[in-house]
Structures are given as C-alpha cells and as structure tokens.
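Okay, structure first, notes after.
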Amino acid sequence: MYTYNEAVAYIESIPKFTAKNDHIHTAGFLRKLGIKTDETDTPKFKIIHVAGTNGKGSVCAFLSNILVKSGKQTGLFTSPHLLRHNERIRINNEVISDALFLDAFEQVKHTVERMTKEGLAHPSYFEFLLGMGMYVFDRKNVEYILLETGLGGRLDATNVFRKPYLTAITSVGMDHMEYLGDTIEEIASEKAGIIKPKVPVIYWGEDKASAAVIEKHAKLNDSLAVKVSKKDYKIIKKTHKGVDFYSLCGYYLKSAFTVPFPAEYQVQNAMLALRAAEMLEDIKENRESIHDGIAGTRWEGRMEEAAPGIIFDGAHNGPGIDEFIHAFREYPCEGRKYILFSVVKDKDYDYMIRRLCDTDVSRIYVTRIDSDRGLDENEMLRDFSKHNVTAELKVVPDVRKAFAQAVRDREERDVLFCVGSLYLIGELKQEVSPC
C-alpha cells in the first residue's frame, strides 16, 4: 500500500526513466487495464476529444458542466494541475478523492509492473495519468468523457481512441514549436490529427490559415466540420463578474447566455461548447440545463476572480497573453491596475513582456516561480527595460513575498492581475481562499 505522497513521488519520477511511446504501446497499456481503444461496435464511453493551443480546458469545463446539469454521468480529464494531481481527473466536475486516486494509482502501477516484466516500455508520465483517469471513468461507469489533449493532437496519448463521439479544436497559435512545427499551418495540422472518419469536429475558425488546414483534414475524413467565429455571437454586457452574450447561429440562435468570467475569450470557448452541445441529441433540447451549465462553470486560473480585486490568469504563451491584454484593457477599474508576472524559460517571454509593456498598467511586480524552469527575475527585468516599460517595476524574487507586497500596496479600488505561467497560478492558489 502506498501513501498519497508516495504515489505522487513515483508519478513525478517517471520522466527520469521513460520516454514517450507510440499509440500501439499506449493502446496495449490501456487494454491491460480493461480499456478498449479501437471498438468497432458502440463504444462504452462517449468521448469528446478536445485539442488546441489555448482554451482546451475551458471548453472541456463548459461541456462537462452542461452534461452534468443535464443529468449525465461525466468524466473530465485535463492537464496540467495547479495544486494537486487529483485535479486532472474529475467525476461530475468533482476532483476525485485521495482514496480513489490511490486505488487508480495502485491498479495502474500493478499493470505497469506486469508490462515491464514482459519487456514492454514503462508508460510516460502523461500516459500513466491517462491510464489512471480511464480506470476511474470505467469504475464509475461514466457515460461521457471530456478528454483534453496534453500536447498537439496527432501523436498525443489521448489520440489512441479511434472512435470518439465528437472532436473539438480551439484556437491555434504559436506554442510548443519545438514539437509541433514553425508555422500556424504545421501546428494546426498536428491539432487536426484528432479528427476521425465521419466524426464531427467543432473548431474555432477565426484564423484563416488554421481553419483551412482543419477543413482539409475534415474533408479527407468525411467529417462534418462546424466552424465557430466572432460573427457567431454578440456581446450584450460586460462586468467584472462576467459577460452576457447572444448566440447568433445554430440551434441556440438568439438565445442569451452568461459566462462567469470577465473575458471575451471565454465567450469564444463557450460558443465552441454550445455548438458541440447541438451535436448531442440526448441533451440538446435541455435549454435550461445548457444555459445553467454555461453560467455555472468554474475553471481556475483563467481570468478567475481569486479574491475581491485580485485576478488570476494563466496566460502562459503569446496567444494567451494577447487574450489577457484584451481582457485587461476592458476590465472595469476605478483605481489603478497592477500586474504580478512570472514565466518559464521555454516560452516566448520576450514577446509576452513586450506586450505587457504596451498597456496602462501602473506597476509590475516581477518574480520567479519555484521551479527549475522558472526564468530568472533579472532576465525579465532586462527585457522590461529593453522594451521601454513605463510602469513602475518592483522585483521580488520570492512569489509569496511578491504577492504579499502587491496585496499590501493595493488600495480598495485597485485591481491586481497575476499573470503568466500556470506554475505561478498554482503557487498563488495556496495563498488565497476561494471567493
């Protein structure tokens, strides 16, 4: 028997002695857990597979809440986690208990031990957690699974399931270029690798280059492609609590909805979820449940009001920072706006910092996350200076001390935005109580 901390320590050690495996290996691993990936008859689970650069988790969260409100037993598998590994696996929107996490861990660990004795490779970190998630979903007899890709799509471990119920692709942008390609078209092609023959795909089509790639893949797979763009909704009202909007297309034409986030990009994600809901014949008529599902969605670290006047946003790449700045500029504030910022080394931090310099922020607190991947605060400071920042800069290397100082400095009418790496948001989550 393992303790929770021992299980987590083992999982965290996995990258030290294994590499990514192909889909044949992943399918074999899941099959040993009793999970079929190539079902030719009606699959046991209705899998909704979601890929994209930004917004994957939010779309999954919206759809999960819609399904739960409609009375469907629903599993949700996402990454990364902010505080605890359990967050990656949820049943009916609830993070699984430590007891269930340990049960899944021990079952998967036992399976892996049998595999290694047979001379098979150890599953990767992500595959191991995917195995745990699928074991939990199977044990709890879920009907629907919201399955978020880890990286890319075509080669992602989640793409082992050959007969999903539906696929969705969120906005595509320049991120993880070392793995996915140097152009939007190359990255979009990797994301579009989740499209399966005759399985509908819902996709964000505002970018013409990525849309063309997705449409080509859909046509090759004889798959219905449902495009979603900014012309498909109309903003009614924005407040610091959320955004009211009309759907201008599809089954929910002229219906009003509310996203509980003060950012238009969450309207885009909600629209993807709504167009996906249209494809689910067993819930599409449940208009009240769908309305309540969108309005009641909670997703941490995405323009989240962590406390009054304090916003957390894990805008951890270029496209994410662009969306954050749009939301930042429109956020109602009677006082001053402050930013607490940190980032990891392998992101396009120069672009992110340049964009932050082009705002009316009054003060920026620069800090360093507690990780080997964290970018040195002095490197960030040099970049801010290079881009002629006009805001006051305060460098506080320790995240907790930086946050404490920013909170002390903030007056009642001021707003503090904590933005950058999801590692930063994870550390800060330990410092505040939920609203």
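Any read-out appearing in this document is the output of simple, stated calculations on the displayed coordinates, not a laboratory observation. Source: prediction; values computed, not measured. Counting neighbours? That spans all protein chains shown, and the Cβs are built from the backbone with ideal geometry, glycine included.
Counting DSSP beta bridges with both partners in the chain, what percentage is antiparallel, nearest 5?
Beta bridges within the chain, antiparallel portion: roughly 35 percent.
Would you mind calculating the relative contact order of the stretch 228-337 from Cα pairs under 8 angstrom and at least 6 residues apart, reporting the percent as a whole number?
The normalised contact order for the stretch 228-337 reaches 21 percent.
To the nearest 20 Debye, how big is the dipole of the chain about its Cα centre, given +1 on the beta carbon of each Lys and Arg and -1 on that of each Asp and Glu?
Using only the charged Cβ atoms, the result is roughly 780 debye.
Give a quick list of trypsin sites (Lys or Arg not before Pro) in the stretch 110-167 that DSSP marks as loop, anything other than H, G, I, E or B, with at most 11 other Cβ atoms within 10 Å.
none
Dipole of the chain (Lys/Arg Cβ +1, Asp/Glu Cβ -1, origin at the Cα centre): which of Val136, Phe384, Gln430 lies farthest to the positive side?
Val136
Please list, or write none, the aspartates and glutamates whose alpha carbon is within less than 15 Å of the alpha carbon of Lys44, excluding same-chain residues fewer than 8 places away.
Partners found: Asp138, Glu143.
Let me have the 222 nm mean residue ellipticity of the chain computed from DSSP H runs of 4+ only, each contributing -39500 (n - 2.57), with the sum over all residues rounded to the nearest 500.
Estimated from H runs of four or more residues: -12000 deg cm²/dmol.
Within the chain, which is the longest segment that contains none of the GluC sites (Glu not before Pro) sitting in a DSSP loop with at most 13 other Cβ atoms within 10 Å?
Result, exposed sites excluded: 119-280.
Once you mark the chymotrypsin sites (Phe, Trp or Tyr not before Pro) that are in a DSSP loop and have at most 13 other Cβ atoms within 10 Å, what is the longest gap between them in the chain?
18-435
Only loop residues by DSSP count here, and only those with at most 14 other Cβ atoms within 10 Å; note down the trypsin sites (Lys or Arg not before Pro) in the stretch 340-435 that meet that.
Answer by residue number: Lys345, Arg373, Arg413.
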